[in-house]
Amino acid sequence: MKTEEDDLLVYDEDAAVKFILDFIPAEAKERIDNDKVEYVLDVVYDYYEENGLIDEDSTEEASIDEEEMFKYILKSSKKDKMKLTEDDIQMILDGEYEYGKSLGIYREEE
């Protein structure tokens, strides 16, 4: 039987980046490249870590405040001069969410 822990082991950042780049609209690909997608994924991980949402010893679900995480990413991207618009960040997050859903890591809230 497959467990959530198994799902976490199949998350591959390179595959996630490719999935996200395939997910975003063609016109956005002029602005969003591998580096920007990797940057956002790294900042998401930093956000999870800073907020205690990553626990290597637990498969318990965490509830994520998406608005707070978005603000964190936006603030970080401005500080790091990444030239990402709010729409760019949202597209990357939407793509990452779809990638996670495809693996069974995320599920729609009821």
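The values are calculated or read from the model by the stated rules, or taken from the named source; none is laboratory data. A quick note: this is a predicted structure, and the numbers were derived from the prediction, not measured. Here Cβ is always computed from backbone atoms with ideal geometry, including for glycine, and neighbour counts include all displayed protein chains.
Taking the criterion of being closer than 23 Å to Asp22 by Cα, in contact with a Lys or Arg (Cβ under 7 Å, 6 or more places away or on another chain), at pLDDT 95 or above and in a helix (DSSP H, G or I), would at least one residue in the stretch 68-88 satisfy it?
yes
Just checking, does the stretch 71-80 include any residue being among the aromatic types (Phe, Trp, Tyr) and either in contact (Cβ under 8 Å) with a residue 40 or more places away in the chain or surrounded by fewer than 11 Cβ atoms within 10 Å (Cβ to Cβ) (or both)?
For the stretch 71-80, residues among the aromatic types (Phe, Trp, Tyr) and either in contact (Cβ under 8 Å) with a residue 40 or more places away in the chain or surrounded by fewer than 11 Cβ atoms within 10 Å (Cβ to Cβ) (or both): absent.
What pairs come out if I take residues in the stretch 19-36 that are exposed (fewer than 14 other Cβ atoms within 10 Å of the Cβ) and pair them with residues that are in a helix (DSSP H, G or I) and not aromatic (Phe, Trp, Tyr) whose C-beta lies under 6 Å away, six or more apart or interchain?
Asn34/Val17
Scan the stretch 4-50 for residues that are assigned to a helix (DSSP H, G or I), β-branched (Val, Ile, Thr) and at pLDDT 95 or above and jot them down.
Val17, Ile20, Val37, Val40, Val43
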